[in-house]
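These notes concern the structure reproduced below.
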Amino acid sequence: MEIIRTVKEMKEFSSEARRAGKTITFVPTMGYFHEGHLNLMREGRRRGDVLVISLFVNPMQFGPKEDFKSYPRDFERDRKMAEGVGVDIFFAPEASDMYPPDHQTIVRVEKVTQNLCGRSRPTHFQGVSTVVLKLFEIVMPHVAIFGEKDYQQLVTIQQMVKDLHLSIDVLGMPTVREADGLAMSSRNTYLLPDERKAAQSLYRSLQKAKELLQKGERRTDRILHEINGILHSESLVRIDYVQICDAHTLEDVDRIEGDVVVALAAYLGKTRLIDNLVFQTPKK
Ligand code: AMP
């Protein structure tokens, strides 16, 4: 595995790989790897000749009161884990190289970023789409792989790729979970033991929603009521939102029809966690 630290060298490597007819797969990350990340990398390994991952804790996608400074970082640990799954290129640029002092371009995807996390993190997705477009231009991948755990992010990137006619296949991979169902996240390391235990209720509430949907419940309010009930029964959980949306437009729905996403965000102490469930029903 080769570590590349500069935008210039990364572009040179990718140009050369493309000239040689190689298929480049790409997994962008903010590091502090867990099985969720490794699963994306393994898929990348299978799908291309050259697997590039990036590790960049992108300051632009954090709000002023968010956890940019405290976000977990361990380069040596990440390096070993990436090497273990067969990554070819580990791209870890400096913030000053990604955002020189005169940087002034922002990419904003409109409708799909307004709802859900966009409500409490109003500048988050423009930070994501800006850095991902820049990374796409630097890494020049044929295929880019993202996790469904960050469902709104995946939809936003897919929309950007479509709108800007980018020649990149964007692939979503299922959420990888801990044994008790909690979605893996680098932020889980922030949780105190009591909070970690209470966090199980997020997955439990989504399982309840799934059960209701499978039994044929189609009224959104009934499902939301059950989810809220489960989350409210945990005193350490503070709900940010629980919503059921069209899985493509991310607009709220009153009745379940076609593809929907049941999405939630909650605080456990200072830690904000998200999770979701995508459910498909026939469209009338
Ligand atoms: P992050 O480092 O948190 O920005 O995540 C990098 C990529 O890994 C994103 O595409 C995430 O959606 C994905 N990811 C994070 N956690 C999980 C998980 N538990 N299961 C699947 N993918 C994940």
I need the full set of residues from segment 171-194 which are surrounded by fewer than 16 Cβ atoms within 10 Å (Cβ to Cβ) and either β-branched (Val, Ile, Thr) or more than 16 Å from the ligand (Cβ to nearest atom) (or both), in order please. Thr189, Leu192, Pro193, Asp194
Inside segment 239-251, can you point out the residues that are in contact with a strand residue (DSSP E or B) (Cβ under 8 Å, 6 or more places away or on another chain) and either under 18 Å from Pro122 (Cα atoms) or exposed (fewer than 14 other Cβ atoms within 10 Å of the Cβ) (or both)? Ile239, Asp240, Tyr241, Val242, Gln243, Leu250, Glu251
When the residues of segment 27-53 are filtered to those that are among the aliphatic types (A, V, I, L, M) and either more than 9 Å from the ligand (Cβ to nearest atom) or free of Cβ contacts under 8 Å to residues at least 40 places away in the same chain (or both), which remaining residue is surrounded by the fewest Cβ atoms within 10 Å (Cβ to Cβ)? Leu38
Looking only at segment 6-17, decide whether some residue is within 16 Å of the ligand (Cβ to nearest atom), at pLDDT 95 or above and closer than 24 Å to Gln153 by Cβ. no
Residue check, Arg204 under 21 Å from the mean Cα position of the chain (by Cα) and either away from the ligand (no atom under 16 Å from the Cβ) or more than 25 Å from Phe125 (Cα to Cα) (or both): yes
What's the number of the only condition in (1) surrounded by 13 or more Cβ atoms within 10 Å (Cβ to Cβ); (2) within 14 Å of the ligand (Cβ to nearest atom) that Lys197 fails to meet? (2)
Got a number for residues in segment 1-60 being of a type in the set (Ser, Thr, Tyr), within 19 Å of Phe75 (Cα to Cα) and either more than 23 Å from the chain's Cα centre (by Cα) or in a strand (DSSP E or B) (or both)? 3
Is at least one residue of segment 116-127 touching a strand residue (DSSP E or B) at 6+ places or on another chain (Cβ under 8 Å) and of a type outside the set (A, V, I, L, M, F, W, C)? yes
So Ile145, is it of a type outside the set (Ser, Thr, Tyr) and either more than 17 Å from the chain's Cα centre (by Cα) or more than 24 Å from Met173 (Cβ to Cβ) (or both): no
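The values are calculated or read from the model by the stated rules, or taken from the named source; none is laboratory data. Worth saying up front: this structure is predicted, and the values here are computed from it rather than measured. All Cβ positions, glycine included, derive from the backbone under ideal geometry; neighbour counts span all protein chains shown.
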